[in-house]
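Student: Could you have a look at this structure, given as structure tokens, before my questions?
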Amino acid sequence: NAGVTQTPKFRILKIGQSMTLQCTQDMNHNYMYWYRQDPGMGLKLIYYSVGAGITDKGEVPNGYNVSRSTTEDFPLRLELAAPSQTSVYFCASSYSSRSDTQYFGPGTRLTVL
Amino acid sequence: QQQVKQSPQSLIVQKGGISIINCAYENTAFDYFPWYQQFPGKGPALLIAIRPDVSEKKEGRFTISFNKSAKQFSLHIMDSQPGDSATYFCAAYSGNTPLVFGKGTRLSVIA
């Protein structure tokens, strides 16, 4: 079992560029999440999904988009990158509810210059 | 609006000592309180969790103490080891909200 995998590990973007952060889980989990982690600020929820075709906004959704076409995949799209989006992004999944253990991926470190 | 307040921001403990990290919350609807541990360059991982029907939960050297009336909970690490050096996040959940994380505590255990 690979668990939750994220690609890429690192990325540098120029202001205004777009990119997609990939997230895949092989645990057949229904719930998936995207967080961003900034130094000293903890983990902030960007978007989450309770199943294929269903997504909802978290605490900091502005500047991001998501889709969930399959149970396994939950990509995060940045359309017009801004320096404020420089952060470490974590994808996570849980089995059946938001109180279940969340399993995190290794993260993507994104820098926007 | 910070729903879970965590302190201290950083902590240095001697090897063999007790590490204590505190969290406080306001939302009385919270009914699940996990702690996550994160090593540098890795994603967080669940360490231990508690529900408010018990006042304490212990797993090995890690203990959660829960005070429902004070709306506080804390993580105690007994006999702290250098391998415990990591960032620790408390979190809280209710049926109506996604998991809410504290800002984290960076623990350094020195020999």
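The values are calculated or read from the model by the stated rules, or taken from the named source; none is laboratory data. For clarity, every value in this text was computed on a predicted model and none was experimentally measured. Here the Cβ is made from the backbone with ideal geometry for all residues, glycine too, and neighbour counts use every protein chain on show. SASA here: full protein model, heavy atoms, side chains in, ligands and nucleic acids out. Shrake-Rupley method; radii C 1.70, N 1.55, O 1.52, S 1.80 Å.
Student: Would you work out what percent of the accessible area of chain A, with all protein chains in place, is carbon or sulfur (probe 1.4 Å)? Walk me through the numbers before you get to the answer.
Tutor: Details: 2700 of 5280 Å².
That share works out to 51 percent.
Student: What residues in region A:12-42 lose 10 Å² or more of accessible surface when the other protein chains are added to their chain alone (1.4 Å probe)?
Tutor: A:35, A:37, A:40, A:41, A:42
Student: Which order do peptides A:38-49, A:65-76, A:11-22, B:68-79 fall in by mean Cβ count within 10 Å, highest first? Before the final figure, lay out each step's value.
Tutor: On the way: A:38-49: 18.8, A:65-76: 17.2, A:11-22: 14.2, B:68-79: 15.7.
The packing order, highest mean first, is A:38-49, A:65-76, B:68-79, A:11-22.
Student: At 1.4 Å probe radius, can you tell me the per residue accessible area of the protein assembly as shown in Å²?
Tutor: Working: 10780 Å² over 224 residues.
That works out to 48 Å² for each residue.
Student: To the nearest 10 Å², what's residue A:10's accessible area with a 1.4 Å probe?
Tutor: Near enough 140 Å² of accessible area.
Student: Okay, moving on. Compute for chains B and A the buried accessible surface, both sides summed, probe 1.4 Å, and express it in Å² to the nearest 100.
Tutor: Details: alone 6230 and 6020 Å², together 10780 Å².
Between B and A, the summed buried area is about 1500 Å².
Student: Right, here's the next one. Which aspartates and glutamates does residue A:14 reach when only Cα atoms under 15 Å apart count, and residues fewer than 8 places away in its own chain are ignored?
Tutor: A:79
Student: Among DSSP beta bridges lying fully in the protein assembly as shown, give the percent that are antiparallel, nearest 5.
Tutor: 90 percent
Student: Further question: By the gyration tensor of its Cα atoms, with a ≥ b ≥ c the square roots of the eigenvalues, what is the shape of region B:4-110: rounded for a/c under 1.5, prolate for a/b over b/c, or oblate?
Tutor: Note, shape of region B:4-110 comes out prolate.
Student: Using a 1.4 Å probe on the protein heavy atoms, what percent of the accessible area of chain B belongs to carbon and sulfur? Mind dumping the intermediate values first?
Tutor: Details: 2650 of 5490 Å².
Carbon and sulfur: 48 percent of the exposed surface of chain B.
Student: Now for a separate question. Can you list the lysines whose alpha carbon is less than 21 Å from that of residue B:5, not counting same-chain residues fewer than 8 positions off?
Tutor: A:44, B:57, B:68, B:71, B:103
Student: Then there's this: Residues of region A:74-113 losing 10 Å² or more of accessible area relative to the isolated chain, 1.4 Å probe, heavy atoms only?
Tutor: Buried-area filter returns A:90, A:98, A:99, A:101, A:102, A:104, A:106.
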